[in-house]
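Trainee: Before I ask anything, let me first share the structure, which is written out below as structure tokens.
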Amino acid sequence: MSAWNTSQGWGAGDATATPVGATPSVKEENSADTTAPVLEQKVAADPNATPADVPYDYTQYTTTEAQGKENWEGNAAVYEWDGEEGDIGPEFPDLELQLFGKPENRESGGIDFSKIASIEMTQEGPVRVKPVINFDDAGLHPAMRRNVELAGFVNPTPIQMYCLPAINDGHDVIGIAQTGSGKTAAYMVPILNKLMGKAKKLAAKRPNPATFRPGIDLAVRAEPLVVIVCPTRELAIQIFNEARKFCYRTMLRPCVVYGGGPMRDQIASLAKGCDVLIASPGRLVDFIARPEVLTLRRVRYMVIDEADEMLHEDWEEEFNKILSGGEQEEGNVKYLLFSATFPKKVRDLAKTHLAETHVRFRVGRAGSTHGNIRQSVVFVEPHQKRKALTDLISSMPPARTIIFVNNKRAADELDDFLFNQGYPCTSMHADRTQREREDAMRAFRRGDAPILITTGVAARGIDVRNVMHVVNFDLPSVDMGGIEEYTHRIGRTGRIGHRGLATSFYCDRDEGLGSVLTRTLLETDQEIPDFLQQFVPEGDARVNLKFEADSDWEENDGAGDGWGATGDADGWGAPAAGDGDAAPVESFGGW
């Protein structure tokens, strides 16, 4: 892992880095700074030292100061108020600035919604809902509507148009949505909105945060109303940060628990009370086994995010514990499943736990991407990849860039190579400690290290502002997730209306991916390079592209209960915000 400053123009966006050579400092947890605390690296006394001359100092993360509570992402400040004056808390400008950032940086919606708004939106299943066209018509409490505005959401995305009314009407939901479609807000906003004003009635007693003294005052058992389960630690932290925003002033207290994080700190956070719990599966099961710390008996909403990813792993036993870990009466829990694809294991999970009167949405084709990402595939021999990468980076304007490789050793070696070539980079993979993983993501988000080399641990759900370029240094092989993994990787750019570029290095060993990769490029009218022309289908197969993921859905699966229903019989199609005929992208540098 390596550190860098942003003085050379890298990391354009929302980051402001401490100048190189500045004294390391830790920001207070409740400061008005909009970024997480980070320790900066001192540079050698030689004023002519180059980045390659400055070795990365791993010991800076082992000091007592660096191990302070505020350095864990799960300990970030949340809105806490004693609630004696009513159901909605007062505004706190300093915390508001920390949660939402400066006003000029808040807009989450990108410059081109036409490609997203024109994606086909299909309702399936026994129940249909009427979509909302804008947030003003979504029945949001004024405080929640203000949070949506502060978070920078101007217009709802297709998945949000349907999830808002579906959850508000009390339905279980299955959302099959493309990466970057805004599904976190699609379930977070309506769930919290439904619970606003009911916190005193539904939530367990918890201590007054203004007077609570850890280790002295009596701790409480956490009894969340909402549980959100997701496959990776980084995604759990990201969803927690979204929950911090939307819980602002609502009297609902969010917490996050994830593997590798400090168990003691997580227990201490739960001991102050928890209404919204975001968790990775393994750590959640650990806490379920500690009934004095956590119980799911009050849960009203259970959200399974990236369900297809979790069910690929050996987590069936853990899932059964989580989904049956409460003592609720049948029908009291609303289940929401979100997935990029909808394989049989996810269907079985849905049919076991969701009500028959659920709603089901598809945004585009399951496992597809969208036209806001310009995809470029380049043939590069394996021994030429490093030179091709440096030539590519040097030829483009400085921008946040994620580089994907297929194994941990490759991540370490490529990080060392780029760092010694003078590039501002950091790296992350599953063998890194959780502290190192959080430090890497923090440096990348801030712009201290705007080039991130990573394995698939960062492929799912991670949303970092202004990631303009994704590079598949190694394309994922078929047994490593294949085209689904490719789609998730490139989905780290071009998110929610923004445009992005994805460059992939292709070689002879990637031939097994060639056919479906070509069809994926054709689906969004991308340029097909000469070496992939052999895979371009002809005739009707070219007009009606077929994908293996299409077989995930079985027409007769669950016949009689609406599971095989397709189409949009009652006419509720997604209203398009644009005609989908946006001008083609000519130059990355002009985006």
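Trainee: If I take every Cα pair under 8 Å that is 6 or more residues apart in segment 95-363, average their sequence separation and divide by the length, what percent do I get for the relative contact order? Numbers along the way, then the final one.
Mentor: Details: 472 pairs, mean separation 71.5, N = 269.
Across segment 95-363, relative contact order equals 27 percent.
Trainee: Can you give the FRET efficiency to the nearest 0.05 for Gln534 and Glu149, using r as the Cβ-Cβ distance and R₀ = 51 Å?
Mentor: It comes out at approximately 0.50.
Trainee: Moving to a separate point now. Over the residues of segment 95-363, compute the C-alpha Rg and express it relative to 2.2 N^0.38 Å. List each step's numbers first, then the result.
Mentor: Values: Rg = 18.0 Å, N = 269, 2.2 N^0.38 = 18.4 Å.
For segment 95-363, the normalised Cα radius of gyration is 0.97.
Trainee: Set the Förster radius R0 to 35 Å, insert the Cβ-Cβ distance between Asp169 and Asp265 as r into 1/(1 + (r/R0)^6), and round the FRET efficiency to 0.05. Please list the in-between numbers first.
Mentor: Working: r = 38 Å, r/R0 = 1.09.
In this case the efficiency is close to 0.35.
Trainee: Something else: How high is the relative contact order of segment 373-547, given as a whole-number percent (alpha carbon pairs under 8 Å, six or more residues apart)?
Mentor: Normalised by residue count, the contact order of segment 373-547 is 29 percent.
Trainee: Now a separate question. Using R₀ = 45 Å, calculate the FRET efficiency as 1/(1 + (r/R₀)^6) where r is the Cβ-Cβ separation of Glu527 and Ala204; round to 0.05.
Mentor: Details: r = 57 Å, r/R0 = 1.26.
For R0 = 45 Å, the calculated efficiency reads 0.20.
Trainee: Moving to a separate point now. Give me the extension gain from Asp87 to Lys351: residue separation times 0.36 nm, minus the current Cα-Cα distance, reported in nm with one decimal. Before the final figure, lay out each step's value.
Mentor: On the way: separation 264, 0.36 × 264 = 95.04 nm, distance 3.65 nm.
Between Asp87 and Lys351, full extension yields 91.4 nm more.
Trainee: A 28 angstrom limit on the alpha carbon distance is what I want to check against. Which of Lys130/Lys334; Lys334/Lys408; Lys130/Lys205; Lys385/Lys546 exceed it?
Mentor: Beyond 28 Å: Lys334/Lys408; Lys130/Lys205; Lys385/Lys546.
Trainee: Further, regarding this structure: Report the rotationally averaged projected area of segment 373-547 based on its alpha-carbon convex hull, in square nanometres.
Mentor: 10.2 nm²
Trainee: What is the packing order of peptides 168-175, 382-389, taking the mean over residues of other C-beta atoms within 10 Å and listing the highest first? Provide the component values of the computation, followed by the final result.
Mentor: Working: 168-175: 20.1, 382-389: 14.4.
Those peptides, ordered most packed to least, come out 168-175, 382-389.
Trainee: Can you tell me how much longer the chain between Asp137 and Arg465 gets when fully stretched, taken as 0.36 nm per residue apart minus their C-alpha distance, in nm with one decimal?
Mentor: Taking Asp137 through Arg465 to full extension adds about 115.3 nm, to one decimal.
Trainee: I want to check the label-to-label distance for Ser515 and Arg290. Put each point 7 Å from Cα in the C-beta direction and report it in nm to one decimal.
Mentor: 5.1 nm
Each reported figure results from applying straightforward, stated rules to the coordinates on display, with no laboratory input. Not measured: the values here are computed from a predicted model. Neighbour counts run over all protein chains shown; Cβ positions are idealised from the backbone, glycine included.
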